[in-house]
Amino acid sequence: MSVLHCVYFKYKPDVSPAQRAEALRVFAQLELDCKLSSGERYIAGFQCGAENVSPEGRGKGFDHGFIITYSDPAHLDYYLNQDPAHIEFKKYIGPLLDDVFIYDFTPVNHASAPSAV
């Protein structure tokens, strides 16, 4: 069962466009750098966007968006809690951010989606 890890960054006002571009590059590099202790890569998919193109005006000031796909929930757990590359990335990115929004979910078929409560 796959898991989607959706991450959105809002940078501090003093973070330059060059710093933002570098942060995007460094985060995207995790797709290659994140490996299990066996050396195997475990990120199944990585997508990013450097601009909110929605005409709805509800981006809440977030600058970059990322969707990382894991084929196994255990891989997300490893990424969050053990992967040295991700741990180092969090140290790097933290001082640049004003806010971060993270939403993880397991995709469901719309026909089998739970009913609204």
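Only the coordinates and a few stated rules stand behind these numbers; no lab work does. Computed from a predicted model, the values in this text were never measured in an experiment. All Cβ positions, glycine included, derive from the backbone under ideal geometry; neighbour counts span all protein chains shown.
Before rounding to the nearest 500, sum -39500 (n - 2.57) across all DSSP H runs of length at least 4 in the chain and divide by the residue total; then give [θ] at 222 nm in deg cm²/dmol.
When only DSSP H runs of four or more count, the value is -9500 deg cm²/dmol.
On a full-extension model of 0.36 nm per residue, what is the gain between A44 and R58, subtracting their alpha-carbon distance, rounded to one decimal in nm?
Answer, rounded to one decimal: 2.2 nm.
What percent do you get for the relative contact order of the chain when only Cα pairs under 8 Å and 6+ apart count?
For the chain, the relative contact order is 45 percent.
Once phi is turned into ³J(HN,Hα) by the Karplus curve 6.51 cos²θ - 1.76 cosθ + 1.60 with θ = phi - 60°, what whole-Hz value does each residue of region 45-52 show in order, with x for glycine and proline?
Working through the residues one at a time gives x, 9, 10, 9, x, 9, 7, 7 Hz.
Using DSSP to define loop residues, name the GluC sites (Glu not before Pro) in region 9-117 whose beta-carbon has at most 12 other beta-carbon atoms within 10 Å.
Passing sites in region 9-117 are E40, E51, E56.
Which residues' amide hydrogens lie under 5 Å from the amide hydrogen of D104, considering only partners 5 or more residues apart or on another chain, with H built in the peptide plane?
Sorted by chain and number, the residues that satisfy this are C6.
Set the Förster radius R0 to 30 Å, insert the Cβ-Cβ distance between A28 and V108 as r into 1/(1 + (r/R0)^6), and round the FRET efficiency to 0.05.
0.65
If the cut-off is 15 Å between C-alpha atoms, which aspartates and glutamates fall inside it for K60, apart from same-chain ones fewer than 8 positions away?
Counting by Cα, and skipping residues close in sequence, K60 has these aspartates and glutamates nearby: E51, D98, D99.
Quick one: if you stick a label point 7 Å off each Cα along the C-beta vector at A85 and R20, how many nm between them?
Reported label-point gap for A85 and R20 is 2.6 nm.
Cα to Cα, under 26 Å, and not fewer than 8 places away if on the same chain: which lysines meet these conditions relative to K35?
Filter leaves K90, K91.
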